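Report on the structure given below.
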Amino acid sequence: MSKRNFYHSSYQECRNAFLCAVGEVKHLQTSIEAMPVSESQDGLFTDIVHFKNKGENPLVVITSGLHGIEGYVGSALQVFLLNQIMMKKLISPGLIYCLYMPLIRGDLSITDE
């Protein structure tokens with residue numbers, strides 16, 4: 001079993017890892033939407049992913065990457081969760097909603113709270 005690195009050192013690396021992890025989930029119906037954060041913040045996006053599965057299991061909502069160092073930890077946890085879903089190690093969800101907020105260390109100091 002190869003060791004996977006879930007931590008990354010920049011917004012773009014975190015976003016790429018997130019999008020790659022989403023792409024690896026093949027057994028669930030997936031939709032993704034990339035929304036620009038603002039006109040003045042070129043290259044920053046909020047990625048919204050919906051996974052759907054038949055069944056009536058609970059809804060799971062995950063958000064990460066507000067700002068500061070917690071963005072890197074949130075990104076790592078999110079990619080880890082996606083990896084667990086891909087390997088079918090989690091109970092098959094009815095719907096999982098992943099929201100990846102791009103404002104991490106070195107970017108704007110705002111939150112969605």
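Just a few scattered comments:
- Pair list, Cβ < 7 Å and 6+ apart or interchain, from region 10-32 residues that are farther than 24 Å from Tyr72 by Cβ to residues that are among the polar types (S, T, N, Q): Leu28/Asn53
- All positions within region 11-48 that are under 18 Å from Met87 (Cα atoms) and among the hydrophobic types (A, V, I, L, M, F, W, C): Ala17, Phe18, Leu19, Cys20, Ala21, Val22, Val25, Leu28
- Criterion violated by Tyr100 - all others in (1) modelled with pLDDT under 75; (2) over 13 Å from the mean Cα position of the chain (by Cα); (3) surrounded by 15 or more Cβ atoms within 10 Å (Cβ to Cβ) satisfied: (2)
- When residues of region 2-39 are limited to those that are under 21 Å from Lys52 (Cα atoms) and part of a loop (DSSP other than H, G, I, E, B), the one nearest to the chain's Cα centre (by Cα): Val25
- Of residues in region 1-44 being among the acidic types (Asp, Glu) and at pLDDT 85 or above, the one surrounded by the most Cβ atoms within 10 Å (Cβ to Cβ): Glu13
The values are calculated or read from the model by the stated rules, or taken from the named source; none is laboratory data. Values in this document were obtained by computation on a predicted structure and should not be read as measured data. All Cβ positions, even for glycine, are placed from backbone atoms using ideal geometry, and neighbour counts span all protein chains on display.
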